[in-house]
1. Show that you can apply the helix-only estimate: for the chain, add -39,500 (n - 2.57) for every DSSP H stretch of four or more residues, divide by all residues, and state [θ] at 222 nm to the nearest 500.
2. For N36 and A180, compute 0.36 nm times the residue count separating them, minus their Cα-Cα distance, and round to one decimal in nm.
3. Between the alpha-carbon centers of segment 143-169 and segment 60-92, tell me the distance in whole angstrom.
4. Tell me the label-point distance for the pair S163, F73, using the 7 Å Cα-to-Cβ offset, in nm and rounded to one decimal.
5. What angle do you read, to the nearest 10 degrees and between 0 and 90, between the alpha-carbon axis of helix 150-161 and the longest principal axis of the chain?
6. How would L174, L48, L87 line up from fewest to most surrounding beta-carbon atoms within 10 angstrom?
7. Rg and Dmax in Å for segment 71-152, alpha carbons only: what are they?
8. Give me M147, M137 ranked fewest to most by other Cβ atoms within 10 Å of their Cβ, as a rough exposure proxy.
Amino acid sequence: MWDYDNAATSNDFKFTSKGGQDAWDRNSYFNFWIVNLDDNLSGGGSLLGFAQFPGGIASTDGVAVDYAQVGGFGRTATHEVGHWLGLYHIWGDDGTACTGSDQIDDTPNQAGNTNNACRTHPHNDGCSAAVMFMNYMDYSSDACMNMFSKGQCDRMEAILNTSRKGLKTSIGCLPALLPAVDANLIDLVEPEWNNRQ
C-alpha cells in the first residue's frame, strides 16, 4: 500500500526502483496505475485516485486509481482522466465560497462539491440555480455522473491537440506487426504400403 499522505513516498509506485513500475514515454502512451492507496488520510477521508495535469514531470505523468475503484460502474477513472486532460473540479476548489472557477464557460459555479450525493435537477445550492451535479468533475455519487459539458470536451480536445499531441501519432495506436505464420503442409511422410497389415 502506498501512503499518499507522505509526500516523500506518495509516487513510489511510479518507479521500479522503489517497488513500483516506471512510467512509459508519455508522448506515446497514457500511464494508468492501479494501486492500493491509503484509505486513511491524516485529514480524514480516503483517496480514490489522482492525476497529473498536463505539463508536469514526465516520470510521474499519468493517472492512479485505487484498485477498489476499478471496474463496475465507478467513475473515479473518468474523473481523473478529466484532470489529466486539463479539467478542474466543477466547483472551482474554493470550498463553499462561490468565487472559484473551473475555467469553463458552460459549467455553472457551485457552492462546493455535492459530496457523494445525487440531486434532483434543477438543484439550487445558493450559488447556482442549476448545479451540474451529474458532471464527471463533481464528487457526486457514481450513479449520478453521466456527462462532460461541451466546453469541457473542447478543453480536453485542445489538450490532446497541444500538450498531449504525441498520443495522436503514437506507435501504440498502430496494430501490432505479426510475423507471417504459414501452417501449410510441407511434406507427408507415409510408410510404404507393403509394410502395412
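Since every read-out is calculated from the coordinates, none of them should be taken as a lab result. It should be emphasised that the depicted structure is a prediction, and the values quoted were computed from it without experimental measurement. Here the Cβ is made from the backbone with ideal geometry for all residues, glycine too, and neighbour counts use every protein chain on show.
1. Values: 2 runs with 21 residues, N = 197.
Roughly -3000 deg cm²/dmol at 222 nm, from the helical runs in the chain.
2. Going from the current span to full extension adds 47.7 nm.
3. Comparing the Cα centres of segment 143-169 and segment 60-92, I get a distance of 13 Å.
4. So the two model labels end up 3.3 nm from each other.
5. That works out to roughly 50 degrees.
6. L174, L48, L87
7. 11.6, 35
8. M147, M137
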